[in-house]
Every structure is written in C-alpha cells, then in structure tokens.
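Engineer: Handing you this structure, nothing more for now.
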Amino acid sequence: MGGYVESAVWLAYGPMALVFFLSLVAAFYYKPKWVGDPSEFRVCSITGMKVHIPAGSLIKANLWMAFLFLALGGVMAFGVAFTRWPVVHLLPDTLFYRALTMHGLAMLVFWIVWFEVALMYFTITSIIGARLAAIRTAWIAFGLMLGGSLVVVLTVLTGNADIMFTSYPPLMAHQWYYWGILVFAVGAFFACAVYYVTMAVAFREKVITGSLPLGVYGMSAGVTITLLTLFHGAVFYFPTWLWSMGLFQNIDVVIYRLIFWAFGHSSQQINVCMMIACWYMVGTLSIGSKPLNEKLCRTAYVLYILFICIASEHHLLVDPAISPAHKAFNTGYFMHMAVLASMIHALAVPASYEIALRKKGYTQGLFEWLKKAPWSNPAFSASCLSIVGFGWVGGITGVTFGTEQLNIISHNTWRMTGHFHGTVVAGTSLAFMSMTYYMIPIALKKEIAFPSLAKIQPWLFGPGVILFAVTMMFIGGFGIPRRHWDITFSEAAFSFSFNPIVSVGFIICAIGWTMAIIGGLSFVVIAIGSLLNDKEVE
Amino acid sequence: MSLYTPEKHWWKPMDREEMIWVTIAFIWCQLITFIMPFSHAYGKHNPPAVTSKASTAEYGAKVDKFIAENKTGEEAGVAVVEVKPEVKEIYIVGRSYQWEPVLKLQQGKEYILHLSSGDYEHGMSIQPMNMNIMALPGYDYHLRITPDQAGEYFIICNEFCGAGHHMMTGKIYVS
C-alpha cells in the first residue's frame, strides 16, 4: 500500500512541481508590456466599470463550450432519467450506463469547469477591470481543455469508458479516457495560472489598490482550492492512467477512493465558493445589496480553503480499512467547519438581499420586501432559487447523510443522488445561470436574447430540480439504488420489489425531470441565442 | 458592495444578530460532530470497525471452503448455507454478478459476517431494511451483526460494477 502511494506522489507531484517552479521563474523574468492602452478598455453601461475588451473573445469561447456541454449533458439527462422510471425504461442497459457516465462528466466536469474558467476571466477583467495578462497562455489553456474534453467525449460515446464518473478501479477505461482527463486538467491549471498572473500584474500596476471586492475574493478562494484539487486529481489519475496502459500494477482501491474524494469533494467546494461569489455579485448587480460584515464573509471563505480539501471521508463512511475514529474526525472537524462557513453565508447572503430591498422602501410588515422583490429579473430569481436549493435541499441533507450512522441507510441510494442534484444542479448550475444573465451583457456587451422566456426559465428549472431532488431523497429512503438500470430485477437470480409507494415517487420525479429539462433547454437556447445576438447593450 | 473595493478598515466586530447566528451554527456543528463518537459508544447501528487485508484469491478460497463445509442446498443456482449453532464466522462475497452464498441465519444470534469482493467494487445493500455497506476487493470487512427480525432479506448491488450490475442480487433468510 505504501509503495503505491509513494510512487503515485512522486509521479504526480514531480511534474507538477516542475511546472510550478518553471512558472515562478517565468513570472520573475516576465516584463509586462505597457498596459494602460486605453483603447483596450471600455466603460460598461451597467456597472459603470472598466472592461478589458480583448478578454471578451476568450470569455465568449469558454462560454460557448460551457453551454454546448450543458446541452450534451441535458440530452444524456433525458435518457438517464426516463430509463430510471420503470414505466418508460427508455434505453437498453449498455446505453444507459454509457449515457450516465457521459451525463456525469458533461455536467459535473465540463459544463461547470468551462463556465468557471469564463467566470474567472470575467471577474478579473470586467469587475476588477484589469487587463488579461498572458492572453496567449489563456488560449493555450482553452486549446488543452478543448482537446481533452473532446477526447473524453469520444472515448465515452464510443463505449470505451463505461465506468461512471468515479472510474473506480478495477473498472478500467481505455487509456485515452485518462489522457483526456489529464490534458483537460492541465488546461484548467493553466487557466488558474492566468487568473493569478493577471491578478499579480493588476496589483503591480496599481489597478487593484486595497482589498479585493468580496465577489472576487470568493472567486480567488475557489481558484486556490482548484489548485489543491488538481494536485489531488493528478495523484490518482496519473497512476491510473499508467495502470490502464499496463505500466503499473495493483491499484489499491481504498487509497484510490480516499484520494479520489479528496479531489471530488474539493472540486465541489470550488463550485460552492464560485456559486456564493455569484450570489453576492448578482445581489449587488440586481438590487444593489451590500455584504453585511466583510470580516465574517471573508472568514467563511478561509474556512472553506482550510477545511474542506481534506474532508473526503464522508464518502467512505461505510468503507472498510479506515477506522471509525479517523472517519469521525475527518467528517466532524474538517467537514463541519466548512459547514459552519456555509451557515455564515446562509445568513449573510439573504440578509444582504433583505437589507437592500428594505432600503428601497419596502419596509411594511415582515415580508413586503420579499413580495416586491424583482422576481421577473431572471438573474435575481435564479439566484434566490439557487440559495433555497443549495441550502435547504442540497446542503442540509448532505450534512445529515454525512453522519456515520445515518450513512448506513443512505450510502449509494437515491438519497445521495437527490442530495447532490440539490447542491450541484439547484445550487451551482442555477447560480451560474443567474450569473450568465449579467455576464453576457457586461463582458460581451450583448443583450440577452428571448427576454420573456428568460423571465420564466429559472421558475421552470429551479422548482423542477428541487422537486425531483426532494422526491429522489424520499424514495431513496426505501432503498432505491443509484446508477441502476433495472430496479424491478427482471433478469436477476432473485426477485424483489420495493415498497409500492416508490411508483408514486417516480411520477413526481418525472414531473420534476420534465420541468428541469425544459428549463435547462430554454437556458441553452437563451444563452446561445445571446452569444449570437447582434443587439448591443445601450 | 461585493463588486467594489471595500473601505480600508473592514475588520469590524460582528453585530449582535450575526453573533447569535454564528454561535447557534457553531453549536450545531459541534453537536453533529459529537453524535458520531457518542453513537459508537452507546448506539447499536454503527459502521463496522474491523477490517483485515485479504487478496481476492485468498478471500475467494475462504468463501469456497465455507460454502463446501456448510452447504445445505441450492436456490436459483446459488449455494444455500446454514451454519451449525456454534459457528459464528460467516462469509459472503460479491462476484460479478452474484452475491454468494445465500445465508440462513438464526434470529437473535450474533454473527461476524465477513464481506469482500471477488473482483470489482460492489455495494452490499440489504433490503427492505436498507442497510448499505461497501465490499471492496482486497479488504475483508468484519460486520458484527445480530438479526433481530425473522424474514426474507434481499441483497442488491448499489455500486456500479459493470454491464450486469443490475442483475446482481443475493438473499438472506432469518428464522
């Protein structure tokens, strides 16, 4: 066991450390050309802030990829969802498992990471108003990510990697799968480097004076966690890749799972950081909200960085090999301190919204501010639904299922699937959708297409996801397993049927799935329509 | 405002409401942390704590020996095993795509159920009680269990293990 870990660390951290060292050397010798070329900037009519024009095409390219992968993941979601419902049972078994693998990768990796890269460039160039340094490197990052993701998609769709998103060994994909993932990750690493270099240059050139704005601070926390996450990813993907080529024997499954979730869970914390940054920024853009206490909000972000990266064991609570004391400590002090951070934001974000709306004069009674909030502004409504979905549906259930004893009755059942659709879909994806409604006008100076469809889009997507996520958790309590083609066990040696109430649950799920898929599809139409829109923001 | 540089000195004390909220949240986090070791000391449904290493070949040989010694019949082509009253150690293995053997257990008796996998990662999910424990190749997980209700239990696999994952089932009888 020890031998594996040591060689894995050397193989993975060695090249990474080399890249890191070389980039430090490069940063030392890097002489920025003079920057203050005013023709590269314009003033945004929405925010009144400087926007770096050349970064626009890069943001646009990354957004294109994000939306295309969202569409691909959505198609897969349709196939997966309506195969799970025994009444429809759409796809045959192999295709179902393939679609499920593709769905996980397209959504959780490609849509989210592409969008996050666009969001990183957006905050640094359109909110801070810095010039995007190392723009060529940013395009190289784009190319690497594009190449990597296409290789992964082709490998999965041709049936060479039916191993699910988690790719637990001894299940083995074709080596090209790991190639693709690694190249994509290197691209993401370069994008993070561009973000930091841009920020360093902006400090040096006095574009940033004083503390970072809270939204950008949150983004930076996310990027910091990204670096740690990518290192974890390299530690297990690199040896697994060698193993897939036959150059490496004996992958230890427990070590793999431990490091996989150090990567997998931290990557969710990147999403959380950036999602909360979106909540703050959308609040300011739509209703002029102001963070309550900068100290508190920033401390919460630091708690994320410090604690979540090592809290991978709540995925392994019913696994052998790790002792209960270790599991309890890892889940308790590491995860729950990050939970505390989420609890802080759970007060700070809605409270800032309420104060901003009360300042507008909606002060009658307890809830006038809520009644008169701009619910027809898609960015605002999406952001509010995202707060409800993440906190009340995804977050709180995650914390309870992550208790050792409760995990026995929820591990790998649909409770988990419901939980993470609450966090990642109702939470992160919806927050990113809400941010899109401001990102495209601010960074690209394009108006949002189909404005009347945009008004209802969050109201289809958000409640749809929340409905099916809650129902999945409910019927998951009766033991419905995740990632399963046939819960009627028609081909199995022994037959069993679940509590009949689950068939009612499936009908409610189907309503939620339909709403979410229509909402997601409308978002793709609106978003791509806006990217193609000729109409400029006044 | 979250888009603009904050004023120079933003390190300010919290308001009373914020203080109350953070205190409540902190206490809640401590409670859910505390509940885990507390349940290990006083609860009756904890994740098992004992593991030993056993390669898939070693473990498979143990299970085959166990089946050969205690086999009483077959059901749907799978060996049915009933141990003598004095035997405490029983075995189950997840192989693509079957849980073996079918176990016949006595109500109220304490067993050490050894759980592992013969090939890929499997998830042992006992229904309808909904108890889920992982079976990982290379590790023998010692589950201390006392079946307290008579009846027929059904095992499914809830960790994706390959193309026939949905066909993987098993059975436990308690009488």
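Taken together, the values in this text are just the output of simple stated rules run on the coordinates, not laboratory data. Quick caveat, the model's predicted, so the values are computed rather than measured. Backbone-built Cβ (ideal geometry, glycine too); neighbour counts: all protein chains shown.
Engineer: Determine whether the range A:164-173 contains at least one residue that is part of a helix (DSSP H, G or I) and under 30 Å from residue B:164 (Cα atoms).
Structural biologist: No - not one qualifying residue is present in the range A:164-173.
Engineer: OK, next. Please find, within the range A:281-312, the residue that is farthest from the other protein chains (Cβ to nearest Cβ) out of those that are charged (D, E, K, R) and touching a Phe, Trp or Tyr at 6+ places or on another chain (Cβ under 9 Å).
Structural biologist: Looking only at the range A:281-312, we keep the residues that are charged (D, E, K, R), and these are A:290, A:294-295, A:298.
Okay, now just the ones that are also touching a Phe, Trp or Tyr at 6+ places or on another chain (Cβ under 9 Å), so A:294-295, A:298.
Details: A:294: 4, A:295: 5, A:298: 8 Å.
For the range A:281-312, the residue satisfying everything is A:298.
Engineer: Name, by its number, the condition in (1) facing chain B (nearest Cβ under 9 Å); (2) surrounded by 21 or more Cβ atoms within 10 Å (Cβ to Cβ) that does not hold for residue A:315.
Structural biologist: (1)
Engineer: Given the options A:87, A:153, name the one that is surrounded by fewer than 19 Cβ atoms within 10 Å (Cβ to Cβ), assigned to a loop (DSSP other than H, G, I, E, B), touching a residue at least 40 places away in the same chain (Cβ under 8 Å) and out of contact with any Gly (no Cβ under 7 Å at 6 or more places or on another chain).
Structural biologist: A:87
Engineer: Something else: Residue by residue through the range A:187-232, note down the ones that are free of Cβ contacts under 8 Å to residues at least 60 places away in the same chain, in a loop (DSSP other than H, G, I, E, B) and not small (Gly, Ala, Ser).
Structural biologist: A:206, A:209
Engineer: Now a separate question. Out of the residues in the range A:325-377 that are within 25 Å of the chain's Cα centre (by Cα) and away from chain B (no Cβ under 14 Å), which is surrounded by the fewest Cβ atoms within 10 Å (Cβ to Cβ)?
Structural biologist: Among those residues, the one meeting the criterion is A:375.
Engineer: Quickly run through the range B:104-120 and pick out the residues that are part of a loop (DSSP other than H, G, I, E, B) and not aromatic (Phe, Trp, Tyr).
Structural biologist: Here is the first cut: in the range B:104-120, the residues part of a loop (DSSP other than H, G, I, E, B) are B:106-110, B:118-120.
Those that are part of a loop (DSSP other than H, G, I, E, B) and not aromatic (Phe, Trp, Tyr): B:106, B:107, B:108, B:109, B:110, B:118, B:119.
Engineer: If you don't mind, there's one more thing I want to ask. With the requirement that a residue be in a helix (DSSP H, G or I) and either within 7 Å of chain A (Cβ to nearest Cβ) or in contact (Cβ under 8 Å) with a residue 12 or more places away in the chain (or both), what does the range B:23-54 give you?
Structural biologist: B:25, B:26, B:29, B:32, B:33, B:35, B:36, B:37, B:39, B:40
Engineer: I would also like to ask the following. Would you mind stating whether residue B:71 is within 12 Å of another protein chain (Cβ to nearest Cβ) and basic (Lys, Arg)?
Structural biologist: Working: within 12 Å of another protein chain (Cβ to nearest Cβ): no; basic (Lys, Arg): yes.
When the stated conditions are applied, residue B:71 does not pass them.
Engineer: In the range B:125-175, which residues are among the small types (Gly, Ala, Ser) and either touching a residue at least 40 places away in the same chain (Cβ under 8 Å) or at negative phi (or both)?
Structural biologist: So in the range B:125-175, the residues among the small types (Gly, Ala, Ser) come out as B:125, B:135, B:138, B:150-151, B:162-164, B:170, B:175.
Answer for the range B:125-175, where residues must be among the small types (Gly, Ala, Ser) and either touching a residue at least 40 places away in the same chain (Cβ under 8 Å) or at negative phi (or both): B:125, B:135, B:138, B:150, B:162, B:163, B:164, B:170, B:175.
Engineer: Suppose the filter is within 30 Å of residue A:46 (Cα to Cα) and without any contact (Cβ under 8 Å) to a residue 60 or more places away in the chain; does residue A:293 pass it? Spell out how you get there, then give the answer.
Structural biologist: Numbers: within 30 Å of residue A:46 (Cα to Cα): yes; without any contact (Cβ under 8 Å) to a residue 60 or more places away in the chain: yes.
Taking the combined requirement at face value, the residue satisfies it.
Engineer: Could you tell me how many of the residues in the range A:525-538 are surrounded by fewer than 18 Cβ atoms within 10 Å (Cβ to Cβ) and within 15 Å of residue A:434 (Cα to Cα)?
Structural biologist: The total comes to 2.
Engineer: While we're here: Would you please name the residue that is surrounded by the most Cβ atoms within 10 Å (Cβ to Cβ), looking only at residues in the range B:137-155 that are in a strand (DSSP E or B) and of a type in the set (Ser, Thr, Tyr)?
Structural biologist: Result: B:141.
Engineer: When you scan the range A:46-74, how many residues do you find that are within 14 Å of chain B (Cβ to nearest Cβ) and not β-branched (Val, Ile, Thr)?
Structural biologist: Of the residues in that region, 3 qualify.
Engineer: Would you confirm whether any residue within the range A:458-478 is among the β-branched types (Val, Ile, Thr) and in contact with a Phe, Trp or Tyr (Cβ under 7 Å, 6 or more places away or on another chain)?
Structural biologist: For the range A:458-478, residues among the β-branched types (Val, Ile, Thr) and in contact with a Phe, Trp or Tyr (Cβ under 7 Å, 6 or more places away or on another chain): present.
Engineer: Please enumerate the residues belonging to the range B:118-163 that are of a type in the set (Gly, Ala, Ser), at the interface with chain A (Cβ under 8 Å from one of its Cβ atoms) and either in contact with a Cys (Cβ under 8 Å, 6 or more places away or on another chain) or closer than 18 Å to residue B:97 by Cβ (or both).
Structural biologist: Matches in the range B:118-163: B:123, B:125, B:162, B:163.
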